[in-house]
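The values are calculated or read from the model by the stated rules, or taken from the named source; none is laboratory data. Just so we're clear, the structure is a prediction, and the values are computed from it rather than from any experiment. So basically every Cβ, Gly included, is an ideal-geometry build from the backbone, and we count neighbours across all protein chains shown.
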Amino acid sequence: MRAFLLQVHRYCGLACLLFLSLAALTGCVLVFRGPIDRALNADLYAAPAAQGMSSADNVAAVDAWAQRNPRIQVLGFPLITEPGRSIPVEVGAKPGEIAPAYDEVFLTPVSGEVVGTRDRAPAMTRHGFVNGVAEFHFDLLAGTWGRWLLGAVAALWFVLSLVGLYLTFPERGAFWKQWRRNWQFRRSSATPRLLLDLHRASGLWLLPFILLLAATSVALNFWGEFYAPTVTAISPLEHDLFDEDPPYPEGATAKLTFAEALPFAESHAREVGLEWEPARMLYMPDWNMYGVKFSPDGVLSYEKLGPVDHYFDADNGQWRHQVDPYNDTAGLVMIRVAYPLHSGEIFGFASLLIVFVLGLVTFGQSATGLYLWLKKRRSRVAQRRRQRAQKEVRA
């Protein structure tokens with residue numbers, strides 16, 4: 001059994017090595033996706049600083065721009081931005097209109113003047129770089145089959161990690177005394193031994209985190225096919241409106257402006273005892289609903305289980321739907337927790353740092369695993385040659 005599992009670990013590891021290395025490196029980049037995007041596009045994110053900014057100022061700026069551009073539909077924007085920062089606004093075409101050449105516009109607070117625009121489509125340009133890395137990390141820029149392939153690699157990674165754990169167990173002798181050695185590495189060792197120690201010890205010390213990262217990778221890559229249907233079947237959601245077909249597949253046009261819709265959300269939050277602040281507004285044309293995401297401080301993040309979402313009719317402001325993982329079933333908790341666990345956002349900077357380290361370690365394990373295989377392969381090839389030479393001499 002041990003010899004068989006060693007072959008499984010060796011050759012299955014080689015099969016997924018390239019994809020796992022690429023996913024690890026791109027994952028490290030995505031930990032800092034916000035700062036990287038702002039650094040690459042500093043001209044878009046910069047705006048004149050204004051004193052005493054509030055969510056009403058951002059809403060006013062967006063509504064002012066929307067009024068000047070009646071053929072373009074605003075789809076989402078943050079309600080609070082840092083001083084000296086523009087408002088990034090997601091946009092699209094209104095029903096029956098030609099789509100603009102961009103899908104994001106950056107506005108100055110209060111006045112709503114345009115700082116710049118961009119198309120965020122994945123590309124090796126400063127505008128599309130971060131989204132390109134994100135999509136490559138998710139599906140290799142290959143759509144559904146790429147997503148499935150990386151999901152299979154993640155599942156194999158999970159199994160290989162458990163097999164690797166088993167292979168660190170000593171075959172004979174004092175178990176704890178010998179196993180403890182596999183948790184250590186000595187810098188004085190020769191290179192092959194040092195790399196073997198690093199390969200083993202890093203996997204042992206970080207095994208729970210590696211398994212969690214692999215499991216959430218599987219969940220996200222097989223989200224609609226497996227994960228979401230499974231957890232909601234086990235624990236059905238209390239509010240599952242978005243499982244239905246949208247009533248306006250071609251899109252609708254709201255009668256209320258964002259400024260008119262926001263007070264409905266704030267009033268409803270007070271009624272249900274939600275003390276959080278509105279952090280982001282969005283519009284869903286296929287449902288003709290405004291959405292407001294609430295967070296503790298008015299800044300959107302996915303710490304813990306992320307924001308609480310409330311949705312309202314875009315024609316009359318009537319409350320329609322909520323997504324509140326803190327007051328729903330375990331099914332919604334399982335749905336909401338997958339992304340922040342995988343991205344590292346669940347506990348803020350500390351968990352982000354752990355995910356970054358995990359990315360580096362995963363790449364390092366792939367590299368050391370390849371080195372060890374090549375080293376042993378040369379030894380095996382040399383041994384076979386000697387055996388053939390000896391047979392020829394005897395013949």
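For this structure, a couple of remarks:
- Residue within segment 338-346 that is at pLDDT 95 or above and in contact with a Cys (Cβ under 7 Å, 6 or more places away or on another chain) present: no
- Residue satisfying condition, being surrounded by fewer than 19 Cβ atoms within 10 Å (Cβ to Cβ) and assigned by TED's automatic domain parsing to the domain that holds Leu22, within set Trp157, Trp183: Trp183
- Enumerated strands (runs of 3 or more DSSP E) restricted to segment 277-395, each holding at least 3 residues that are among the polar types (S, T, N, Q) and exposed (fewer than 14 other Cβ atoms within 10 Å of the Cβ): none
- Any hit, segment 23-37, residues being surrounded by fewer than 16 Cβ atoms within 10 Å (Cβ to Cβ) and either farther than 24 Å from Gly348 by Cβ or touching a strand residue (DSSP E or B) at 6+ places or on another chain (Cβ under 6 Å) (or both): no
- When each of Lys391, Lys375 is tested for being in contact (Cβ under 8 Å) with a residue 40 or more places away in the chain and over 27 Å from the mean Cα position of the chain (by Cα), the lone residue that passes is Lys375.
Residue-by-condition table, conditions (1) under 20 Å from the mean Cα position of the chain (by Cα); (2) polar (S, T, N, Q):
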{"residue": "Leu6", "(1), (2)": "no, no"}
{"residue": "Cys16", "(1), (2)": "no, no"}
{"residue": "Val31", "(1), (2)": "yes, no"}
{"residue": "Asp43", "(1), (2)": "no, no"}
{"residue": "Ser55", "(1), (2)": "no, yes"}
{"residue": "Ala60", "(1), (2)": "no, no"}
{"residue": "Asn69", "(1), (2)": "no, yes"}
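- Scanning segment 342-395 for residues that are among the β-branched types (Val, Ile, Thr) and farther than 19 Å from Ser202 by Cβ turns up Ile346, Val381, Val393.
- Flag for Ser189 being among the polar types (S, T, N, Q) and under 16 Å from Leu20 (Cβ atoms): no
Residue by residue, here is whether (1) outside the structural domain of Pro296 (by TED's automatic domain parsing); (2) loosely packed, with under 15 Cβ neighbours inside 10 Å; (3) modelled with pLDDT under 95 holds:
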position	(1), (2), (3)
Asp63	yes, no, no
Thr81	yes, no, yes
Arg85	yes, no, yes
Val89	yes, no, no
Glu97	yes, yes, yes
Glu104	yes, no, no
Thr108	yes, no, yes
Val115	yes, no, no
Arg118	yes, no, no
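- Single match in Ala66, Ala49, Ala23, Ala3 (criterion: in a helix (DSSP H, G or I) and closer than 16 Å to Val115 by Cα): Ala66
- Residues being modelled with pLDDT under 95 and closer than 23 Å to Ala66 by Cβ are represented in segment 253-274 by at least one member.
- Selection count where residues are of a type in the set (Phe, Trp, Tyr) and closer than 18 Å to Leu75 by Cα, scope segment 270-323: 6
- Pair list, Cβ under 7 Å, 6 or more apart: segment 326-354 residue at positive phi, other residue outside any helix (DSSP H, G or I): Gly348/Glu303
- Test result for Cys16, of a type outside the set (Gly, Ala, Ser) and surrounded by fewer than 20 Cβ atoms within 10 Å (Cβ to Cβ): no
- Cβ-Cβ contacts under 6 Å between residues 6 or more apart (or on different chains), taken from a first residue in segment 178-193 that is at negative phi to a second residue that is part of a loop (DSSP other than H, G, I, E, B) and surrounded by 13 or more Cβ atoms within 10 Å (Cβ to Cβ), are listed as Gln178/Pro170; Trp179/Pro170.
- Considering the conditions (1) touching an Asp or Glu at 6+ places or on another chain (Cβ under 8 Å); (2) farther than 30 Å from Ala330 by Cα; (3) not aliphatic (A, V, I, L, M), Glu238 is excluded by exactly one of them, (2).
- Cβ pairs under 7 Å, 6+ apart, first in segment 281-309 and touching a residue at least 60 places away in the same chain (Cβ under 8 Å), second of a type in the set (A, V, I, L, M, F, W, C) and surrounded by fewer than 17 Cβ atoms within 10 Å (Cβ to Cβ): Leu282/Leu75; Tyr283/Leu75
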